[in-house]
Amino acid sequence: MLDQERKAALEECIVCHVEKKVGIHLYTSFICTECENEMVHTETTDPVYKLFIQRLKKVNTPQIYS
């Protein structure tokens, strides 16, 4: 039972694709703290910046049904 509870607490980061416990939720997507920190401190001229942009395109905004 503990293994199931531990797994339930893990979520896959949309940037690094690693299951982590701590991070932020952006709509329906999860970004781990490490990736969030790296994104914030990456210059726009860095080649890794383009990778972050590609991965962030996976963020799904929830639709509002009226």
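The numbers here are math on the coordinates, done by the rules we state, and not lab data. It should be emphasised that the depicted structure is a prediction, and the values quoted were computed from it without experimental measurement. Neighbour counts run over all protein chains shown; Cβ positions are idealised from the backbone, glycine included.
Remarks
- Once the Cα gyration tensor of segment 6-47 is diagonalised, semi-axes √(5λ) in Å: 22, 10, 8
- Inter-site label distance for HIS41 and LYS58 at 7 Å from Cα along Cβ, in nm: 2.3 nm
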